[in-house]
Amino acid sequence: MLYLDAAATAPVRREALEAAWPYLTGTFGNPSSHHAVGEAAAAGLADARRRAAAVLGVRRSDIVFTAGGTEAANLAIKGLALAAPRGRHLVTAATEHSAVLESVAHLRRAHGFEVSHVPLEADGTVTAEALASVLREDTTLVTLALANNEIGTVTELRPLVEAAHAVGALTHTDAVQAAGWLDLRGLGVDALTLSGHKVGAPKGIGLAMLRGRLPVEPLIHGGGQENERRSGTENVAFAVALAVALELAEAEREDKAARLALLRDRLLDAVRESRPDALLTGPDPRTGGHRLPGHVSFCLPGRSGESVLLDLAEHGVIASSGSACAAGSDEPSHVLTALGIPGEVAQTAVRCTLPGDLPDAQAEAAIAAVREVLAALPGAGGPA
């Protein structure tokens, strides 16, 4: 099997499992318990918080462990917006992950917030000028992803954060797809969220970085764990696994990103050569576009994306049509339609996302399989 769906999930790293195992067995205590077993668990949790904070370049007290990226995004967006002492205006992009869009929609429906969507470039890029056009004096929060899961667009956040802060707005970024591929330090955001299973930790763990003493309205009430920002007995074992996976991903990031960028470009060339009519979605790295290193996405007008995925599967290649969260939906991707791509074209989407540990031989086999499958399709680039 040639797995090209790393944007959906990654396998759990052995190092993360080994680090977690003691907290599932001998050191199994509740970290809130005031006895030796609980204190040992609390020490493990504190160490995981320290290590995760070091990767992000923030203070330990800024880290809140959650049950995943979706909960983390909900906490950051709803928690900051509801606790903010000013404004009732939110800014986001129509291409954001559903966890972000639905959190914003909830604030609009249930709490009377106004929502503005920033205008986008054709490749999903957000410019400082576009953001400035929708910012207001009463803007409460700006939430924009660091990297898009469906089209691979990487956002240059620093100027956007500066523009938001200039009007007094807080900033959040969904860094789920960026973790392990981009530098997460020095972004200047007030909140950042990520998910463990994208970087080699088990599913069911994530974190929200909530900077400093910002007031946050909790989503989950109870015993006041996580500095009263997220109640509930902490998942110590998975928090430890997440910290270890993050450390490893950061240590390997530059080398793996450089290698995958080369493979990504070769895969893009294979798509273009075999299907000249293919529509690249997201930035084009060959013309200076800033795209995730292992990410290739395209549409095949007039073809069935699902049938292409089945053909690839017969060649041993596992790819996807886009976000795993929308799998099974008959609706075209909200990301692609937000970029002005017609619904019938959006439904032909194919996404290939390369794992960081993909062996060279498997990468070569996958590129050859994609070339063969696409070239065999009727129409441009293939036999009639």
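Here, each number is a calculation from the coordinates, and none is a lab measurement. Treat the numbers as computed from the prediction; the structure is a model and nothing was measured. Virtual Cβ from ideal backbone geometry, glycine too; neighbours counted across all protein chains shown.
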Around Thr9, which amide H atoms from residues at least 5 apart in sequence, or from another chain, sit under 5 Å from its own amide H, with H modelled in the peptide plane?
-> none
What list of ³J(HN,Hα) couplings, whole Hz, do you get for segment 215-229 from phi and the Karplus terms 6.51, -1.76, 1.60, once you set θ to phi - 60° and write x for glycine and proline?
-> x, 9, 7, x, 8, 10, 10, x, x, x, 5, 6, 6, 6, 9
So how much slack lies between Ser231 and Ala94, counting 0.36 nm per residue of separation and subtracting their Cα-Cα distance, in nm?
-> 46.2 nm
Please state the charge dipole magnitude for the chain, taken about the Cα centre, from unit charges on C-beta atoms (+1 on K and R, -1 on D and E), reported in debye and rounded to the nearest 20.
-> 800 debye
Find how many whole Å separate the alpha carbon centroid of segment 161-219 from the alpha carbon centroid of segment 233-296.
-> 19 Å
Ala251/Glu364 FRET efficiency (R0 25 Å; Cβ-Cβ; nearest 0.05) = 0.45
Using θ = phi - 60° and the Karplus curve 6.51 cos²θ - 1.76 cosθ + 1.60, what whole-Hz ³J(HN,Hα) does each residue of segment 275-282 get, with Gly and Pro shown as x?
-> 9, x, 8, 5, 9, 5, 9, x
Where Lys and Arg each count +1 and Asp and Glu each count -1, what net charge lies around Gln347 among other residues with Cβ under 14 Å from its Cβ?
-> -3
Counting only residues 5 or more places away or on other chains, whose amide H sits under 5 Å from the amide H of Ile205 once H atoms are built in the peptide plane?
-> Gly196, His197
Rounded to the nearest 500, what is the chain's calculated 222 nm mean residue ellipticity when only DSSP H runs of at least 4 contribute -39500 (n - 2.57) each, over all residues?
-> -12500 deg cm²/dmol
If you take the charge dipole of the chain about its Cα centre, with +1 on Lys and Arg Cβ and -1 on Asp and Glu Cβ, which of Ala366, Val244, Gly152 is farthest toward its positive end?
-> Val244
Find the centroid of the Cα atoms in segment 345-382 and in segment 80-143, then give the distance between the two in whole Å.
-> 35 Å
Tally Lys and Arg at +1 and Asp and Glu at -1 over the other residues with C-beta under 12 Å from the C-beta of Ala258: what net charge comes out?
-> 0
Relative contact order for the chain: what is it in percent, counting Cα pairs under 8 Å that are at least 6 residues apart?
-> 22 percent
Karplus couplings for segment 74-80 from phi (6.51 cos²θ - 1.76 cosθ + 1.60, θ = phi - 60°), rounded to Hz, Gly and Pro as x?
-> 4, 5, 5, 6, 5, x, 6
Per 10 Å bin, what percent of the C-alpha pairs of segment 29-90 does each bin hold, from zero upward?
-> 20, 33, 33, 12, 2
Taking the DSSP beta bridges in the chain as the whole, what percent of them are antiparallel, to the nearest 5?
-> 55 percent
Excluding residues on the same chain fewer than 8 positions from Lys203, give the aspartates and glutamates whose Cα lies under 18 Å from its Cα.
-> Asp5, Glu15, Glu18, Glu71, Asp174, Glu234, Glu247
Farthest towards the positive end of the dipole of the chain, among Ala319, Ala105, Asn30 and with Cβ unit charges of +1 on Lys and Arg and -1 on Asp and Glu, lies the Cα of Asn30
Roughly how many debye, to the nearest 20, is the charge dipole of segment 23-182 about its Cα centre, given +1 on each Lys and Arg Cβ, -1 on each Asp and Glu Cβ, and no other charges?
-> 580 debye
Treat every Asp and Glu Cβ in segment 265-342 as -1 and every Lys and Arg Cβ as +1, leave all other atoms uncharged, and give the resulting dipole magnitude about the Cα centre to the nearest 20 debye.
-> 260 debye
Helix 305-314: angle to the longest alpha-carbon principal axis of the chain, degrees 0 to 90, nearest 10?
-> 90 degrees
Hull-based mean projected area of segment 253-375, where the convex hull spans the alpha carbons, in square nanometres | 7.6 nm²
If each of Thr25 and Arg213 carries a label point 7 Å out from its Cα toward its Cβ, how far apart are those two points in nm?
-> 4.4 nm
